[in-house]
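> If you scroll down you'll find the structure; I have some questions about it.
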Amino acid sequence: MPHISVWILGDQLLAAHPALAAAEALTDRANIRVVLVESAQRLARLPYQRKKLVLLLSAMRHYAEELRKAGFTVEYVRAATAGEGLRRHVAAWQPERLLTMAAAEYGGRRFQQERLAGLLGVPVDLLPNTQFLSGRHDPYPQPDKRVILENFYRSLRRHWKLLIDDAGAPVGGAWNFDQENRKPLPKSGLAIPEPVRFTPDAITQAVMAEVAALPQGVGDSGGFDLAVTRADAETAFEDFIRHRLHAFGPYEDAMSRHSAVLFHSLLSPYMNIGLLDPLVMARRAEQAYRDGLAPIASVEGFVRQVVGWREYIYWQYWQQMPGLLAANSWQHTRSMPQFFWDGATEMNCLHHVVDRVIATGYSHHIERLMVICNFCLLAGIDPAAVNAWFLAFYVDAYEWVVAPNVIGMGLNADGGQIATKPYIASANYINKMSDYCAGCRFNPKQRTGKEACPYNFLYWNFLLEHEETLRANPRSGPAVLGLKHLSPAERSAVRDQATNFLASLPAYKDSKE
Ligand code: FAD
Ligand code: SF4
């Protein structure tokens, strides 16, 4: 019987890995060696969030243990690079071929496709990636039509019969319940349940100590409390279904200094390394609706995120790579300010969000989009620098999801391929949706002057700078209509204050690293 190797990447910790199934079709389990590689080079590519490294390494080591318990022989290799680790493995085991699943990220997949077989001197079978629903069924078979999220999402829902009734219509009578969602939190009387947390076991504690000793990184490995096994990730998911899903929809866009997670799921860290499957999650959420645990507006809102946005973002990444990483359609070149590394800013919203991200690696979607990216777009910061910051700071960050969300959705630097208009807003939005402004030294209602919120004069400055471009786009055109109410004196006050404010921000010395 042939010797077969199966290389499983660190973000592919799937319950049913296609390369394992394919290997078992070729030979006996005794002739299969599973190999997982911790690549020092990959882990040091950026000064990553330490809690992300703990999650990834501990989950990989637990996964190796689970495979061993299931009867596989697993080689867990620590090496300078993935290629070096695999070469050592192949030299020792002498497989007839190596099976692996296509990486979710561009660079990794190019390596598998173009260099791996030559490097190892054995044939490589590259199996299609099954971590995404769009890898199991093409949701967009009409390449001549413009791809928008809504069509993409509906196509996936129809194909997988998610929230679709017997007549083929969307359950609840509509595809979208946004009208009922997107509320700020009430001032009082709403209990916000804490998400379940997990005590680190011996494997995780050992990883925490290793990561604490790394010379570079964001935050602290101490206090790590995420799930690192599939069973615990499933517990976290069930906790969300039972305690937070019911209010997910209405408060999806709300922000609070008292709670980072609010009614969000905090499940992206697990989905992105293969511990949770998007289809299983969407079906379970649908069941929760049928069981009366959550209203349709919340369940559809959650399914839209997991099956709509997440898949659309992955699809856009592959459409736009490799150019996406260098996209800069607003031609912005400013460096990231220092406060993104220490949270030291008087802007209360940014101060709270950045502090939290440093401490936990998490903030929810609207804080990523309307606090951080909104500021970076209005301030004219280089998209590549913002992309690198997100990649380094978040616990759920991988290139396939960061680049389209940051460069495309958040900064609108991809020429509007992901979002047809820039997501920009003045302090009015943050004030409406959060409690940050109440404790801020700036005034969200003032456009210029000593107390004026920087989001205000930066917003109006952006409109003045880009008036023609914005006016030419039917979706962003209405935003510039307000400019006609600004007198020449007000225009110049806006410009002066924006220029002086931006010049006063100390830049981080290594913001492009
Ligand atoms: P919930 O609000 O509970 O949503 C449920 C799930 O939907 C998420 O877990 C996620 O898997 C999926 N989802 C929702 N929106 C998106 C989206 N736009 N793209 C991809 N998946 C989505 N997501 C990441 O997984 N990693 C990132 O590094 C990341 N960076 C982002 C950067 C910016 C600027 C923006 C605007 C969004 C980013 N997102 C990222 C998407 C989204 O913000 C996070 O998935 C979400 O906040 C994770 O928290 P949650 O699990 O509590 O999500
Ligand atoms: Fe943020 Fe401006 Fe509100 Fe302060 S006033 S919290 S800076 S939006």
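The values are calculated or read from the model by the stated rules, or taken from the named source; none is laboratory data. Predicted model only: the values in this text are computed from it and were never measured. Cβ: placed from backbone, ideal geometry, glycine included. Neighbour counts: every protein chain shown. What goes into the accessible areas is simple: the full protein's heavy atoms, side chains included, and nothing from ligands, DNA or RNA. Shrake-Rupley method; radii C 1.70, N 1.55, O 1.52, S 1.80 Å.
> Tell me, what HN-Hα J-couplings in whole Hz come from the Karplus equation 6.51 cos²θ - 1.76 cosθ + 1.60 at θ = phi - 60° for each residue of the range 362-368, using x for Gly and Pro?
In residue order, the calculated couplings are 10, 8, 7, 4, 5, 5, 5 Hz.
> Turning to a different aspect of this structure: Quick one: dipole size for the chain, taken about the Cα centre, charges +1 on Lys/Arg Cβ and -1 on Asp/Glu Cβ, in debye to the nearest 20.
Here the size comes out at about 600 debye.
> Provide the percentage of antiparallel DSSP beta bridges, counting only those with both residues in the chain; round to the nearest 5.
Of all bridge pairs located within the chain, approximately 10 percent are antiparallel.
> Relative to the first principal axis of the alpha-carbon coordinates of the chain, what is the inclination of helix 202-212, with its axis defined by its Cα atoms, in degrees from 0 to 90 and to the nearest 10?
Roughly 50 degrees between the two axes.
> Given an 8 Å cut-off on Cα distances and at least 6 residues of separation, report the relative contact order of the range 28-87 as a percent.
58 percent
> Would you please classify the overall shape of the range 36-116 from the alpha carbon gyration tensor, given that a ≥ b ≥ c denote the square roots of the eigenvalues, rounded means a/c under 1.5, and beyond that prolate means a/b larger than b/c while oblate covers the rest?
oblate
> Okay, moving on. What is the magnitude of the charge dipole of the range 368-513 about its Cα centre, with +1 placed on the Cβ of each Lys and Arg, -1 on the Cβ of each Asp and Glu, and no other charges, expressed in debye to the nearest 20?
Dipole magnitude for the range 368-513 comes out near 520 debye.
> Shifting gears a bit: Using a probe of 1.4 angstrom, how much of the accessible area of the chain is carbon and sulfur, in percent?
That fraction is 52 percent.
> Now for a different question. So how much accessible area does Leu26 have, in Å² to the nearest 10, using a 1.4 Å probe?
Per-residue accessible area (Leu26): approximately 80 Å².
> Tell me which residues come under 5 Å, amide H to amide H, from Thr73 once H is placed; ignore anything under 5 positions away on its chain.
Those qualifying (amide H under 5 Å, at least 5 residues apart or on another chain) are Val34.
> For the Cα atoms of the chain, what angle does the longest principal axis make with the long axis of helix 50-69, in degrees from 0 to 90, nearest 10?
Helix 50-69 and the main axis of the chain meet at about 30 degrees.
> Compute, for the range 263-364, the length of the dipole vector about the Cα centre, with Cβ point charges of +1 (Lys, Arg) and -1 (Asp, Glu) only. Units Debye, rounded to 20.
Charge dipole of the range 263-364: 180 debye, to the nearest 20.
> Classify the range 310-357 as rounded, prolate or oblate, taking a ≥ b ≥ c as the square roots of the eigenvalues of its Cα gyration tensor: rounded when a/c is under 1.5, otherwise prolate if a/b is larger than b/c and oblate if not.
Verdict is oblate for the range 310-357.
> Based on the alpha carbons, how large is the Rg to Rh ratio for the chain when Rh follows Kirkwood?
For the chain, the value is 0.98.
> Output the pairs from Lys183/Lys445; Lys51/Lys450; Lys51/Lys509; Lys432/Lys484; Lys183/Lys421 with a Cα-Cα distance over 29 Å in this structure; if there are none, say none.
Among Lys183/Lys445; Lys51/Lys450; Lys51/Lys509; Lys432/Lys484; Lys183/Lys421, the Cα-Cα distance tops 29 Å for Lys51/Lys450.
> Going by amide H atoms built from the backbone, whose H comes under 5 Å of the H on Tyr48, apart from near neighbours?
Here the answer is Val218, since their amide H atoms fall under 5 Å of that of Tyr48.
> Would you mind checking the tilt of helix 348-360 against the longest principal axis of the Cα atoms of the chain, expressed as 0 to 90 degrees and rounded to 10?
Around 10 degrees separate the two axes.
> Compute the FRET efficiency between Asp125 and Ala44 as 1/(1 + (r/R0)^6), taking r as their Cβ-Cβ distance and R0 = 41 Å, and round to the nearest 0.05.
My answer for the efficiency is 0.85.
> What is the gain in length, in nm to one decimal, between Leu293 and His3 on full extension, counting 0.36 nm per residue of separation less the C-alpha to C-alpha distance?
99.4 nm
> Still on this structure: Return the whole-Å distance between the Cα centroid of the range 8-74 and the Cα centroid of the range 265-296.
Value for the Cα centre distance between the two parts: 24 Å.
> Which whole-number percent is the relative contact order of the range 280-413 (Cα, under 8 Å, 6+ apart)?
Value for the range 280-413: 29 percent.
> Then there's this: Would you mind computing, in nm to one decimal, how far apart the modelled labels at Lys450 and Thr420 are, each placed 7 Å from Cα along Cα→Cβ?
4.6 nm
> Determine the order of Asp166, Asp138 by accessible area, beginning with the largest, at a probe radius of 1.4 Å.
Asp166, Asp138
> Quick check: Cα centre of the range 239-256 to Cα centre of the range 464-495, how many Å?
36 Å
> Follow-up question, since we're still on this one. Rounded to the nearest 10 Å², what accessible area does Arg97 have for a 1.4 Å probe in the complete protein model?
Estimated to the nearest 10 Å², Arg97 gives 60 Å².
> Residue farthest toward the positive end of the dipole of the range 92-220, with Cβ of Lys/Arg at +1 and Asp/Glu at -1: which of Ile203, Pro95, Phe152?
It is Phe152, whose Cα lies furthest towards the positive end.
> From largest accessible area down, sort Glu66, Glu346; use a 1.4 Å probe on the protein chains.
Glu346, Glu66
> Assign one of three labels to the range 339-504, namely rounded, prolate or oblate, based on the Cα gyration tensor with a ≥ b ≥ c the square roots of its eigenvalues; rounded applies when a/c is under 1.5, prolate when it is not and a/b is larger than b/c, and oblate otherwise.
Oblate is the answer for the range 339-504, as a/c is 1.5 or above yet b/c matches or exceeds a/b.
> May I pose another question? Set Lys and Arg Cβ to +1 and Asp and Glu Cβ to -1, take the dipole of the chain about its Cα centre, and tell me which of Ala438, Pro193, Asn31 lies farthest positive.
Positive-end residue among those listed: Ala438.
> Let me ask something additional. So what is the relative contact order for the chain, in percent, with contacts set as C-alpha pairs under 8 Å and at least six apart?
Dividing the mean separation by the residue count of the chain yields 15 percent.
> Pick out, from Thr81, Ala19, Trp7, the residue whose Cα sits farthest towards the positive end of the charge dipole of the range 1-118, with +1 on the Cβ of Lys and Arg and -1 on the Cβ of Asp and Glu.
Of Thr81, Ala19, Trp7, it is Thr81.
> So how much slack lies between Lys183 and Leu464, counting 0.36 nm per residue of separation and subtracting their Cα-Cα distance, in nm?
Stretched out fully, the Lys183 to Leu464 stretch lengthens by 98.1 nm.
> Compute the separation of the alpha-carbon centres of the range 150-207 and the range 362-422 and state it in Å as a whole number.
Using only Cα atoms to place each centre, the spacing works out to 22 Å.
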